[in-house]
Amino acid sequence: MLLDSNLIMMDSTPILGAPVTGPAVALTSFLIPGRAEPIPICAKVVGEDFAGGTSITFKLTQSDTEAGTYTDVPGSAVTVPLADLKVGKSIGWRFLPRGASKPWLKMVVTPSGTFTAGKIFGAIVREDDLPYEAGMYIDKGVVQG
């Protein structure tokens with residue numbers, strides 16, 4: 001996966017007890033980003049499994065300007081239970097939600113409960129990140145997973 005440092009919303013950001021808001025990301029070359037061709041977005045658990053709390057809600061916010069007032073992107077909120085917050089697990093979105101209509105985006109992560117471990121990576125990416133899952137990889141004629 002190719003990454004552009006200007007499009008990274010969270011980079012191994014710890015999520016413990018308080019909500020975390022990532023930096024603003026510019027999609028200023030699009031009039032209505034969510035209406036463009038599918039724009040891949042990647043959000044994953046990295047480094048370690050989450051431990052502690054009960055769930056985490058992920059959402060995207062948007063603004064007309066970088067320093068402007070950010071509002072929720074309609075339909076972008078995704079709540080993930082603790083059992084699914086394992087290393088490598090993709091979170092929420094595959095493509096930028098249709099409700100993204102403004103050129104500046106931020107990712108907001110709100111934990112339920114207090115976590116003692118867990119980090120998130122999130123970015124607008126160049127290509128869709130779909131790694132193999134159990135049963136999709138064959139090695140020397142034997143299905144793995």
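Things to note:
- Residue match in region 2-12 (condition: out of contact with any Ser or Thr (no Cβ under 8 Å at 6 or more places or on another chain), free of Cβ contacts under 8 Å to residues at least 60 places away in the same chain, of a type outside the set (Ser, Thr, Tyr) and open to solvent by 70 Å² or more (accessible area, probe 1.4 Å)): yes
- Here Thr28 meets the list (1) open to solvent by 30 Å² or more (accessible area, probe 1.4 Å); (2) in contact with a strand residue (DSSP E or B) (Cβ under 7 Å, 6 or more places away or on another chain); (3) more than 19 Å from Asp129 (Cα to Cα) almost entirely, failing just condition (2).
- The set of residues in region 87-113 being assigned to a strand (DSSP E or B) and at pLDDT 90 or above consists of Phe95, Trp104, Leu105, Lys106, Met107, Val108, Val109, Thr110, Pro111, Ser112.
- Taken together, the criteria exclude Met136 from residues that are modelled with pLDDT of 90 or more and either surrounded by 14 or more Cβ atoms within 10 Å (Cβ to Cβ) or more than 22 Å from Phe50 (Cα to Cα) (or both).
- Pick from region 33-55, criterion of a type in the set (D, E, K, R) and in a strand (DSSP E or B), ranking: least open to solvent (accessible area, probe 1.4 Å): Lys44
- Summed over region 56-81, the residues that are more than 15 Å from Ala24 (Cβ to Cβ), among the aliphatic types (A, V, I, L, M) and either modelled with pLDDT under 95 or assigned to a strand (DSSP E or B) (or both) give a count of 3.
The values are calculated or read from the model by the stated rules, or taken from the named source; none is laboratory data. Remember, it's a predicted structure, so these values are computed and weren't measured experimentally. Neighbour counts are summed over all protein chains in view; Cβ atoms, including those assigned to glycine, are modelled from backbone coordinates with ideal geometry. Just the protein is used for accessible areas: all its heavy atoms, side chains included, with ligands, DNA and RNA removed. Shrake-Rupley method; radii C 1.70, N 1.55, O 1.52, S 1.80 Å.
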